[in-house]
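Taking it in order: structure first as structure tokens, then the write-up.
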Amino acid sequence: MRMRFKPYAHDELMAADFHVHEPLIWGGKWHAQYARPEQPFVLELGCGKGGFISQLACAHPENNYLGIDITDKVLILAKRKIEAAYQAANRPIDNVKIMSTDIERIEGVITAEDTVSRIYINFCNPWSKNGSSHKHRLTYPRQLIHYREFLQDGGEIYFKTDDDDLFRDSLEYFPASGYEITWKTFDLHENEPEWNIRTEHEGMFTEMGIKIKALVARKNPDPASVTWIEPKVLKRMAREAAEAEAAAQEGEAHV
């Protein structure tokens, strides 16, 4: 279901101290935006309505969190859930921020100097309608390789999804992008780990009988661990190889 436009969202977000109004200017300076800049910096990519990050950040004041989504009409709901969670805990909102940014264009918005310790990706769009749309997945190798630029060596990505095809493909995406899958499950709730926080989507899919798939992947610091090659580059390489072979055969024919 397409979410309705919320005319009040922009002004309400602009009035929130923990909303990042100008995300493009903080590359390399994210740690300094928090009350305790020395703390680990954690991202949630595609924070949606904020059900996950509001619980996680409030429960872990020892970390700094940044939730990112592409549209204000979703982020406004995250803003309100964060306020509610911190109010219930009687805590100031001093270790979490949210911002609206296209995650596919996150390169430069967050840089190597920002030293991210962990990334969460929960129930992102599977983009399963056709093969050409797969490149928009948040776990597509092109994206995972971008994350390597700011994820610290040994840093982890926690990934959850209800989509079988996305999970199956991601099991190949991560190793090809220089990550070691250290843990995985095809049924998260069968032996649910203590760290799991059930989101609204997670509850909905579980009620529908859909099993939740999850994995944890650790960044390999060795650049040589990245083996993925862009499909268009592979096509060019194949074309050049075919042309070279044809030229060689033509040369032999004239000998």
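Every number here is computed from the coordinates shown, using simple stated rules; none is lab data. As the structure is a computational prediction, the values presented were derived from the model and not from experiment. Cβ sites come from the backbone with ideal geometry, for glycine too, and all protein chains shown count toward neighbours.
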Label corresponding to mean projected area of the Cα convex hull in nm² when calculated from the structure given, among (1) 15.0; (2) 13.8; (3) 17.6: (3)
For the chain, what relative contact order do you get, as a whole percent, if you take Cα pairs closer than 8 Å and at least 6 residues apart? 17
Potential lengthening between E190 and K211 on full extension [0.36 nm per residue; Cα-Cα distance subtracted]: 6.7 nm
Could you compute the FRET efficiency for A15 and V233, with r as their C-beta to C-beta distance and R0 at 45 Å, rounded to 0.05? 0.45
Filter on K81/K219; K160/K219; K29/K160; K135/K184; K73/K213 - keep pairs with C-alpha separation over 25 Å: K81/K219; K29/K160; K73/K213
Between 0 and 90 degrees, rounded to the nearest ten: what's the tilt of helix 231-253 against the longest Cα principal axis of the chain? 10
Only helices counted: for the chain, with every DSSP H run of 4 or more residues adding -39500 (n - 2.57) and the sum spread over all residues, [θ] at 222 nm is -10000 deg cm²/dmol
Contact order normalised by residue count of segment 68-194, Cα under 8 Å, 6+ apart, percent: 23
Per the rule of 0.36 nm per residue minus the C-alpha distance, extending H136 to I25 adds in nm 37.5 nm
Measure nothing fancy, just the Cα-based angle from helix 72-88's long axis to the longest principal axis of the chain, in degrees from 0 to 90, nearest 10. 40
